[in-house]
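Values quoted throughout were computed directly from the atomic coordinates according to the rules given, and no laboratory measurement underlies them. On a predicted model such as this, the values are computed, not experimentally measured, just so you know.
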Amino acid sequence: MQAQEKDNAAPVEGETTAASSTVDTTPSLEETLRQAELKAEEHHDAWLRAKAETENVRRRAQEDIAKAAKFAIEKFAGELIAVRDSLEAALATETPSIDSLKAGTELTLKQLTAAFEKSGLGEINPLGEKFDPHRHQAISMVESEQEANTVVTVLQKGYLLADRVLRPALVVVAKPKA
C-alpha cells in the first residue's frame, strides 16, 4: 500500500510532472511569430540581393553584346588599313609607270586577299560547277556543250562570310538540250 501512496502523492517542490514540462518548453505564440517574421525578413533581404545581382548580370550582358556588335569588324578593319596605305602610296607617286602601277596593284590585291582570308571571307567562283540557287544567281541561260544547269560564265564573283552568303555569284547557266 505504501507504493500506491507514493504514486498518488503530490509532486515535491522543484519537481515537475511530464504534462507540465511539455507546456513550459514549447515556445509561446508570440515567440513563434517573431521568429517567423525574422525568417521572412531574411528571405526578403536575400531575394532583393538576388534580384539586384540578376539585374547587374543582365545589364553587363547587354553592354557586352553592344560592345561586340560595335567592334565586331575591328580585326578586319585593321587588315584593311594596310590595303588603304598601299593604295595611297601608289597614288602619291610623282611619275608612275605602267609597270610600277601594275606591281603595286598586284601587291595591294594580295594584301586584300590576305585580309579576306584572315577574316573568314571567301570567294564563290563556281565556273564549271552545278548551279546552286543558294549560292548563285542565274542571270540567263545559254545553249552549251556543258551539262545542263552547269555554270558556263561567272559575271561577278560571290562572297561568303564563314558559311553565310554575303553576295551570290552572278552566273550564266547551260540550258538543257532540247
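Just to be sure I understand, if you calculate Kirkwood radius over Cα pairs in Å for this structure, which of (i) 25.6; (ii) 17.0; (iii) 16.6 do you get?
Only one listed value fits the structure, namely (i).
Given only helices, namely DSSP H runs of n ≥ 4 each adding -39500 (n - 2.57), what is the per-residue ellipticity at 222 nm of the chain, to the nearest 500 deg cm²/dmol?
-18500 deg cm²/dmol
How many lysine pairs in the chain, separated by 8 or more positions in sequence or lying on different chains, have Cα atoms less than 24 Å apart?
Taking the Cα cut-off of 24 Å, the pair count is 16.
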